[in-house]
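As structure tokens, the structure follows; a few thoughts come after it.
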Amino acid sequence: MRAVLALAPAENPYGCTRLVEGRWVDPAATNLELVCTRNTLVRFGRGTPPPLGSPVKFVGMKGTMTATVVGYLNDAKLPMGWPDVFVNQAAFDAFAAEPHGTLSFYKKLKKLKTEDELLTPTSESVVRGFTGDEQRRMDYARPLLLTGAILLALCLLVNSLLLSVEANRRPLAILRTVGLTRGGVVRLVTAESLAATLVGLLAGCAVAVGALALYVAADPIAFPMGMSVDCRTLAVTSVLAFAVACVAALFALWPALAVRPLDACEERPRRRRRGMAIAFACGFAAFVAVEVWGASLMRAFVPSPEWPDAIVSLLPGGVSSFDVEKLRGLPGVKRISELYPLQLNFDPEEPMEMPGGGRAGARPPRAGRGPRPCRNALFLAAEWLPAFRFIEGSHAECEEAIRSSDACVISEMISRARNLHKGDKLRVAMGGRGPKTPVELPIAGVVDLNWHMVTSRGLVRGLNRMPVMTDGPVFVSLDTIESLDARPAETVPMTHLWVEYEPKFLAEKGVFPAGREVEKAIADALGNPIGSTVRLHARDEIADGTLAHGSDLIGQAARVPFVFLLVLACGFVAMLVADADAAKRAFAVLRAVGATRGQLAARLAGGALRTAAWGIVLGLPVGALVGWLFAIKTGAVWPGLPHYFVLPWRVLAEGTVGALVFVLLVAVPTALILVARAIRSGMGR
């Protein structure tokens, strides 16, 4: 179990953690006691928190610690990085890596310099601490959503101004005839743009605040402090709105200034659908961009189905490699093998240019801490080579090459980053802190494999003081990896296992029950080792519990573009009014030859539907390109990840159908009302 541990003070700390059950730990007690949040134990697979007085095992730098739960805190979600487990002095001494290590560790974690700053955190640090995964995902999406909102407002305003110019072409031409200057036209268009923006801004802010109040009131658990409105955000929104109004006026000036006095002879305005098609294209493009962004970005994180069903970690001490024989024939297990991990730096060594790795020449090594981290490969060895998706070579020939020689199979990530292919040689530096020995391994194949979340959750990376960041896995035989490990073979414990289930067993049990059952069977077979904790990390469980499944990455952010489409659909009202005004005479003729009201309304609604279709056709490629570019930009947070272009066709199809439904819901009633009004007015006679 992983948690942020802290030595408990004599009283409940910070004033932000209140006991809801049990008591606070006794600092002077000789037995090991702890208090924690219920969520701390629930989220690590226990299902329900154990009753008070139950023993709980933790794994740390000194091995394992079993302490008794004496109380629960009511904080289901403490600030990120803050302690969520408090123990007494006896437990802390038995578990911590060094005396008073909590304060030292906590300073490093929060980058604090003094104890006072630790115990009296600022409000800003508390707010940052409460920023969870959902908020960070929304932060990633915010620039994209803001861009979409600005384009949406701009397109709607431009469309309204263009329709207004066309609808008032004849009056404007008459005004030009009686002496209206071009400067007067500019003032008229600008005034209309600013007036429409002011009305829309006030109405939009009122609707947004009202909707927020209803949303917060509907979920008081998620919003215990109630609604909060950021006045600075409203001020920035107002400034941006009037900036959009000025830009929209510039777009509308060209057709307005093109009106000539002779245009006063025209009896009816011309129909204009181009502006609405462009506006709807921008809204649909925003939807496509968000969905493509999420799907493309997450393509590299969803674990490949070819990866074995589970990784089992035996940490921190591990067990003897000979103990793998005790695990043969476990119920539900098709095959099981030791998974031998070893990270080796590339040769020549390159300092890591990534968060936590430092930059080349940034600082000299500190005394006693060894060299700065370098770019490395994660070597993995087992009794079999899984049937990965090979893009160079084949599974049969690669498995034979690995068994009969020191050949290796590299991931596509390493292949791209270092321009290595089948038949080339991978150079790594073998050795400890002393002089390194360069080693060359022939490359037998390249596999397309998503491994990031599996190796992270399985705690395969970051062992033996190596960085958790790596350029990718390299698969070799057990004999090869033992020859690459500078440590004596008898001192290297077995820390991980690879497990594949029987298909029938997995189908009957399901991922979570199967994992818990196999985990218990392995622990029992190994005699529940005192120096390590057996923890199974299922591939599909990891996929379901991490940032996966395309646009689910951004949670509610993926739903915002639907609001864009709904608002844009309302813009068809203005277009239909202009179309109905321009088609009065045509409707009169059709009515005279027997056309019904429904047929005339279908004619108007059909025009709106065709305009929306053109917007969808234009918005799909533009949105896909923007989403892909944002995925590349966001992916830079994780250097070295391969970039994918993924079109989530099912989600896009749902969005397309939804967009057309929005248009029909607006266009059909509007068309019926306009036709009825035109008939009552005598069809323009």
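The values are calculated or read from the model by the stated rules, or taken from the named source; none is laboratory data. Everything quoted here is computed from the prediction, not taken from an experiment. Neighbour counts are summed over all protein chains in view; Cβ atoms, including those assigned to glycine, are modelled from backbone coordinates with ideal geometry.
Some points to look at:
- Within region 503-535, being among the small types (Gly, Ala, Ser), assigned to a helix (DSSP H, G or I) and buried (at least 19 other Cβ atoms within 10 Å of the Cβ) holds for ALA514, GLY515.
- Candidates VAL573, VAL577 - the one that is in the same structural domain as ALA667 (by TED's automatic domain parsing), part of a helix (DSSP H, G or I), under 40 Å from the mean Cα position of the chain (by Cα) and β-branched (Val, Ile, Thr): VAL573
- Flag for SER411 being of a type outside the set (Asp, Glu), surrounded by 16 or more Cβ atoms within 10 Å (Cβ to Cβ) and touching a Pro at 6+ places or on another chain (Cβ under 8 Å): yes
- For region 432-467, filtering for residues that are in a loop (DSSP other than H, G, I, E, B) and either surrounded by fewer than 15 Cβ atoms within 10 Å (Cβ to Cβ) or not assigned by TED's automatic domain parsing to the domain that holds PHE390 (or both) leaves 4.
- Cross-chain or 6+ apart pairs with Cβ under 7 Å, region 197-208 first and exposed (fewer than 15 other Cβ atoms within 10 Å of the Cβ), then assigned to a helix (DSSP H, G or I): none
- GLY594 meets all of the listed conditions (1) farther than 10 Å from VAL675 by Cβ; (2) in a helix (DSSP H, G or I) but one, namely (2).
Conditions tested, residue by residue: (1) at pLDDT 70 or above; (2) surrounded by 13 or more Cβ atoms within 10 Å (Cβ to Cβ); (3) acidic (Asp, Glu).
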| site | (1), (2), (3) |
| --- | --- |
| ALA10 | no, no, no |
| CYS16 | no, yes, no |
| LEU19 | yes, yes, no |
| GLY22 | yes, yes, no |
| THR30 | yes, no, no |
| PRO79 | no, yes, no |
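- For region 468-502, filtering for residues that are of a type outside the set (S, T, N, Q) and assigned to a helix (DSSP H, G or I) leaves 7.
- Some residue of region 330-345 being under 29 Å from the mean Cα position of the chain (by Cα) and either in the same structural domain as TRP451 (by TED's automatic domain parsing) or at pLDDT below 85 (or both): yes
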